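Throughout, read-outs are computed from the coordinates displayed, never taken from laboratory work. In this text the structure is predicted, and so the values were computed from the model without any measurement. Neighbour counts run over all protein chains shown; Cβ positions are idealised from the backbone, glycine included.
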Amino acid sequence: MRAEDQLVSYLSHALAAVPNPFERLVYFSALRDSQTGRYLHEGWQTCSSPEEVHATLHDAHRNAFEWVLSLSLVTISRELRRHLESIGWSQAGQAVQYWLENEPFRDLIPDGCSAIARRFFISQLRFGLEVLARAPQWQPLQEQASWPHAQLGRPPQPHSVN
């Protein structure tokens with residue numbers, strides 16, 4: 001197997017384990033060194049050069065970022081709540097307040113994004129957090145989101161056969 005094919009295979013397996021677009025964004029940002037901006041994955045560097053690993057992970061991070069940019073506000077709010085719960089915040093209100101005050105979501109933005117994309121992402125996440133802070137019981141947030149695309153309208157009701 002070529003090194004490039006092996007790297008793509010590793011990436012595919014990793015993405016299969018990451019359940020949704022926001023979590024993928026978090027995953028890729030965690031692989032980036034905050035001091036250098038380089039993406040590192042020691043296991044993957046056994047099959048490819050550090051430069052190839054960096055380029056592949058940077059592209060995947062950009063794709064995840066663009067995917068999150070396309071999500072609706074309701075979906076972003078759901079994703080944020082799901083993420084905060086998954087990292088162990090038992091008090092969702094405290095987590096939301098912390099994120100609003102400290103804006104750790106800025107670290108999720110990949111390098112090389114336009115200023116407009118950055119501002120839009122930040123505004124969407126801040127607004128999604130505000131929704132969670134001010135209306136955590138809002139009905140659209142209670143509905144289960146489907147992945148990868150939310151269905152429009154109500155799902156068809158089952159019919160019994162007579």
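Cα gyration tensor of segment 1-42, axes a ≥ b ≥ c as square roots of the eigenvalues: rounded (a/c below 1.5), prolate (a/b > b/c) or oblate?
Oblate is the answer for segment 1-42, as a/c is 1.5 or above yet b/c matches or exceeds a/b.
Given the Cα-Cα distance of S34 and T46 and 0.36 nm per residue of separation, how much length would full extension add, in nm?
Length gained between S34 and T46: 2.1 nm.
Is there a quick way to get the dipole size of segment 1-95? I mean about its Cα centre, with the Cβ of Lys and Arg at +1 and of Asp and Glu at -1; what is the value in debye to the nearest 20?
360
Rounded if a/c is under 1.5, else prolate if a/b is larger than b/c, else oblate: which is segment 39-93, with a ≥ b ≥ c the root eigenvalues of its Cα gyration tensor?
oblate
Could you tell me which residue out of A64, S77, I122 lies farthest along the dipole of segment 63-138 toward its positive end? Charges go on the beta carbon: Lys and Arg +1, Asp and Glu -1, centred on the Cα centre.
S77
With θ set to phi - 60°, apply the Karplus curve 6.51 cos²θ - 1.76 cosθ + 1.60 along segment 101-118 and write out the HN-Hα couplings as whole Hz, x wherever there is a Gly or Pro.
My calculation for segment 101-118 gives 6, 9, 6, x, 5, 4, 6, 7, 7, x, 5, x, 7, 5, 4, 5, 4, 4 Hz in order.
Hey, what do the phi angles of segment 62-79 turn into as Karplus ³J(HN,Hα) couplings, whole Hz, using 6.51/-1.76/1.60 and θ = phi - 60°, x for Gly and Pro?
4, 5, 4, 4, 5, 5, 5, 4, 7, 6, 6, 4, 4, 5, 4, 4, 4, 4
Give the long-range amide H neighbours of Y39: residues separated by 5 or more places, or on another chain, with amide H under 5 Å away, using H modelled in the peptide plane at 1.01 Å from N.
For Y39, the qualifying residues are D33.
Let me make sure I get this right: for segment 7-103, a, b and c are the square roots of the gyration tensor eigenvalues over alpha carbons, sorted descending. Under 1.5 in a/c it's rounded, otherwise prolate if a/b > b/c, else oblate. Which is it?
Since a/c reaches 1.5 and a/b is larger than b/c, the shape of segment 7-103 is classed as prolate.
In a shell of Cβ-Cβ distance under 14 Å around W67, excluding W67 itself, what net charge do Lys and Arg (+1) and Asp and Glu (-1) give?
Taking every other residue near W67 into account, the sum is -2.
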